[in-house]
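> I am attaching a structure below and will ask some questions about it afterwards.
The values are calculated or read from the model by the stated rules, or taken from the named source; none is laboratory data. Note that the coordinates shown come from a computational prediction; the quantities given were computed from them, not determined experimentally. All Cβ positions, even for glycine, are placed from backbone atoms using ideal geometry, and neighbour counts span all protein chains on display. Surface accessibility is based on the protein's heavy atoms, side chains included, excluding ligands, DNA and RNA. Shrake-Rupley method; radii C 1.70, N 1.55, O 1.52, S 1.80 Å.
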Amino acid sequence: MTQYLKTSKTLSERQQANKKVSLVVENILADIEQRGNAAVRELSLKFDNYDRQDYRLSQSEINSCIKQLSRQDIKDIEFAQQQVFNFATAQKACLLDLEVETRPGVILGHKNIPINSVGCYVPGGKYPLLASAHMSIITANVAGCSRIISCAPPFNGQPAPAIVAAQAMAGATEIYALGGIQAIGAMALGTDTIQPVDMLVGPGNAFVAEAKRQLFGRVGIDLFAGPTETLVIADDSVDAEMCATDLLGQAEHGVTTPAILLTNSLKLAQETLREIERLLTKLPTAEIARQSWHDYGEVIVCDSYEEMLQEAERIASEHVQVMTTRDDWFLSKMTNYGALFLGPRTNVAYGDKVIGTNHTLPTQKAARYTGGLWVGKFMKTCTFQKVLSDEATTEIGSYCSRLCQLEGFYGHAEQANLRVRRYGKQDVPYAGSVAAFNDDGTH
């Protein structure tokens with residue numbers, strides 16, 4: 001029987017907060033669409049206390065940011081970006097164009113075509129999250145996107161040097177010191193000075209996520225990436241310090257970050273609760289992590305591994321850290337997750353920052369129907385067809401005509417009939433005519 005030693009805010013409480021966010025975002029996006037640059041500038045001043053005529057950074061500003069980093073900083077960024085590049089390149093190799101002859105003279109296929117223009121959002125209000133630049137910009141470059149613009153909010157009143165360096169090193173074609181809803185709106189809707197993009201990608205806070213949701217359809221989006229989530233699945237093969245560290249390591253993201261311990265050991269659950277309180281006296285980001293844990297942390301104790309699996313599938317968390325004697329069993333059985341981190345030697349921070357898999361992942365149960373950002377998200381798989389012979393178009397046309405008329409689409413049917421008459425030399429009546437069919441159903 002499942003026990004809940006600690007619960008989080010209720011669903012109704014969360015939904016109430018979401019309604020307020022939705023209304024704010026709707027009004028701001030409407031203002032950006034109507035007033036363009038003027039609205040963006042006012043919003044940047046209001047939310048980030050940052051004002052300039054043009055939010056696009058010049059090459060000299062970019063170079064200045066790069067010079068502020070140490071050589072070791074640069075090497076570390078290069079290492080992380082190389083890992084992301086390597087994995088994205090391997091993923092792209094799985095995406096093959098196709099051309100196949102399905103019947104004599106009938107050629108069908110598809111091409112994987114990069115999206116032309118993408119906007120990458122790099123969050124950086126509380127922390128300069130340069131890793132998000134690697135994940136979006138490099139992956140878009142590997143996909144072959146020709147225009148890759150990137151927005152990140154200012155940090156401490158100026159462009160964040162590490163983020164700017166990461167954006168430039170990743171290959172962004174335009175870099176803007178712009179954050180929040182105003183950045184998302186400017187990229188999607190366009191302004192006097194920013195050409196709109198075809199797709200938006202990247203994580204962000206609740207307002208950024210809601211802006212992407214409202215703009216979906218006018219532009220493509222990667223996924224609905226809200227506040228970070230983490231689920232630790234553990235048994236008594238690991239200790240409370242490791243569980244508590246992995247929970248608080250993600251809880252520091254923000255005050256609405258769900259962090260959940262799922263275990264079949266009551267002893268481990270109780271010890272982890274105590275260890276969390278101890279670590280919160282030492283963690284430099286404890287103020288945020290404590291509120292997040294208080295409001296959104298959960299501890300769930302199950303009777304069996306099967307029950308843990310069932311709970312994990314229900315939760316459908318963004319990050320799932322598995323530290324048990326059955327790690328590979330969970331890998332083979334789980335279907336609802338953004339990314340799995342298997343065994344105590346790995347952890348979510350590796351995925352967030354450096355190991356090479358993409359850290360832009362589905363949240364709020366979206367893992368039930370989508371995976372995370374990857375090179376394939378920046379590409380469109382588009383089909384084509386060719387009919388090469390008179391015999392093939394006559395055969396396909398005859399079937400097509402009958403099926404169209406069965407549905408009442410006589411204009412469609414006549415498209416087929418025209419080919420049958422012209423290339424098959426058959427005297428087919430105009431679509432809709434009673435004589436169009438023989439008693440046996442043939443033309």
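> Under the rule of -39500 (n - 2.57) per DSSP H run of 4 or more residues, summed and divided by the residues of the chain, what mean residue ellipticity at 222 nm is obtained, to the nearest 500 deg cm²/dmol?
For the chain, the value works out to -14000 deg cm²/dmol.
> Which residue, ALA366, ALA431, ALA183, has the most motion in a Gaussian network model of the chain that connects Cα atoms within less than 10 Å?
With Cα springs under 10 Å in the chain, the top fluctuation among ALA366, ALA431, ALA183 is at ALA431.
> Any chance you could tell me what percent of the C-alpha pair distances in the chain go past 39 Å?
So the portion of pairs separated by more than 39 Å is 35 percent.
> Loop-only check: which trypsin sites (Lys or Arg not before Pro) in the range 244-287 are DSSP coil with at most 16 other Cβ within 10 angstrom?
Sparse-neighbourhood loop trypsin sites (Lys or Arg not before Pro): LYS282.
> Right, another one. Given the pairs LYS46/LYS126; LYS111/LYS386; LYS9/LYS282; LYS92/LYS377; LYS333/LYS353, which span a C-alpha to C-alpha distance of over 18 angstrom in this model? All intermediate terms of the calculation are to be shown ahead of the outcome.
On the way: LYS46/LYS126 16 Å; LYS111/LYS386 14 Å; LYS9/LYS282 25 Å; LYS92/LYS377 11 Å; LYS333/LYS353 27 Å.
Going by Cα-Cα distance, LYS9/LYS282; LYS333/LYS353 fall outside the 18 Å limit.
> Whole-Hz ³J(HN,Hα) for each residue in the range 181-198, computed from phi via Karplus 6.51 cos²θ - 1.76 cosθ + 1.60 with θ = phi - 60°, x for glycine and proline: what do you get?
After applying 6.51 cos²θ - 1.76 cosθ + 1.60, I find 4, 5, 5, 4, x, 4, 5, 7, 8, x, 9, 4, 10, 10, 6, x, 9, 8 Hz.
> Among GLY217, GLY408, GLY376, which one moves the most in a GNM of the chain with springs linking Cα atoms closer than 10 Å?
Looking only at GLY217, GLY408, GLY376, the biggest GNM fluctuation is shown by GLY408.
> Moving on. Straight-line reach from LYS6: which lysines have a Cα under 18 Å away, not including same-chain ones fewer than 8 places off?
Of all the lysines, those that pass the test against LYS6 - Cα under 18 Å, at least 8 places apart if same chain - are LYS267.
> On to the next question. Shape verdict for the range 239-327, please, from the Cα gyration tensor: rounded (a/c under 1.5), prolate (a/b greater than b/c) or oblate.
Working: a/c = 2.16, a/b = 1.52, b/c = 1.42.
Prolate.
> What dipole magnitude, in Debye to the nearest 20, does the range 1-148 give about its Cα centre under +1 on Lys/Arg Cβ and -1 on Asp/Glu Cβ? It would help to have the intermediate numbers written out before the result.
Details: 18 positive and 15 negative charges, 83 e Å.
The calculated dipole for the range 1-148 is roughly 400 debye.
> Taking K and R as +1 and D and E as -1, what net charge do the other residues with C-beta under 14 Å from the C-beta of LYS333 add up to? All intermediate terms of the calculation are to be shown ahead of the outcome.
Working: positive: ARG314, ARG326; negative: GLU306, GLU307, GLU311, GLU313, ASP327, ASP328.
Here the charged neighbours net out to -4.
> Please give the net charge around THR139, taking every other residue with its beta carbon less than 14 angstrom from that of THR139, where Lys and Arg add +1 and Asp and Glu add -1.
On the way: positive: LYS92, LYS377; negative: ASP222.
Local net charge: +1.
> Related question: Compute the acute angle (0 to 90°) between the alpha-carbon long axis of helix 161-170 and the principal axis of greatest extent of the alpha-carbon atoms of the chain; round to the nearest 10°.
Helix 161-170 and the main axis of the chain meet at about 30 degrees.
> How much net charge surrounds MET323 when only other residues with a Cβ under 9 Å from its Cβ are counted (Lys, Arg +1; Asp, Glu -1)?
Numbers: positive: none; negative: ASP235, ASP246, ASP327.
Once positives and negatives cancel, what remains is -3.
> Each residue of the range 246-259 in turn: what ³J(HN,Hα) in whole Hz from Karplus with 6.51, -1.76, 1.60 and θ = phi - 60°, glycine and Pro shown as x?
With the stated coefficients, the range 246-259 comes to 6, 6, 6, x, 9, 4, 6, 4, x, 6, 10, 8, x, 9 Hz.
> Considering the convex hull of the alpha carbon atoms of the range 1-149, report its projected area averaged over all viewing directions, in nm², one decimal.
Spelled out: convex hull of the Cα atoms, projected over all directions, averaged, 18.3 nm².
> Please list, ordered by chain and number, the residues whose modelled amide H lies under 5 Å from the amide H of ILE260; skip anything fewer than 5 residues away on the same chain.
Distant-sequence amide H within range of ILE260: THR230, LEU231, VAL232, GLU298.
> Can you list residues whose amide H is under 5 Å from LYS6's amide H, if they're 5+ apart or on another chain and H is modeled 1.01 Å from N?
VAL299
> Next up: Just the number please: accessible area per residue for the chain, 1.4 Å probe, all protein chains included, in Å². All intermediate terms of the calculation are to be shown ahead of the outcome.
Details: 21490 Å² over 443 residues.
In whole numbers, the chain has 49 Å² accessible per residue.
> Continuing with the same structure: How many angstrom separate the Cα center of the range 180-229 from the Cα center of the range 22-98?
One Cα centre to the other: 12 Å.
> Let me ask something else about it. How far is helix 305-315 tilted off the main Cα axis of the chain, in degrees rounded to 10, range 0 to 90?
70 degrees
> I've got another one for you. Could you run the Karplus curve 6.51 cos²θ - 1.76 cosθ + 1.60 with θ = phi - 60° over the range 206-212 and give me ³J(HN,Hα) per residue in whole Hz, x for Gly and Pro?
Listing the rounded values in order: 4, 6, 5, 4, 5, 4, 4 Hz.
> Now for a different question. For the range 288-349, run through the trypsin sites (Lys or Arg not before Pro) and keep only the ones in DSSP coil with at most 13 other Cβ atoms within 10 Å of their Cβ. Working shown, then result.
Working: sites: ARG290, ARG314, ARG326, LYS333, ARG345; in loops: ARG326, ARG345.
Within the range 288-349, the qualifying trypsin sites (Lys or Arg not before Pro) (loop, at most 13 other Cβ atoms within 10 Å) are ARG345.
> May I pose another question? Would you kindly state how much longer the chain becomes between SER70 and SER58 on full extension, computed as 0.36 nm times their sequence separation minus their alpha carbon distance, in nm to one decimal?
Stretched fully, the SER70-SER58 segment lengthens by 2.2 nm.
> Only Cα pairs within less than 10 Å get springs; with that Gaussian network setup on the chain, which residue of GLU313, GLU395, GLU271 has the largest fluctuation?
Checking each option, the largest mean-square fluctuation is seen for GLU395.
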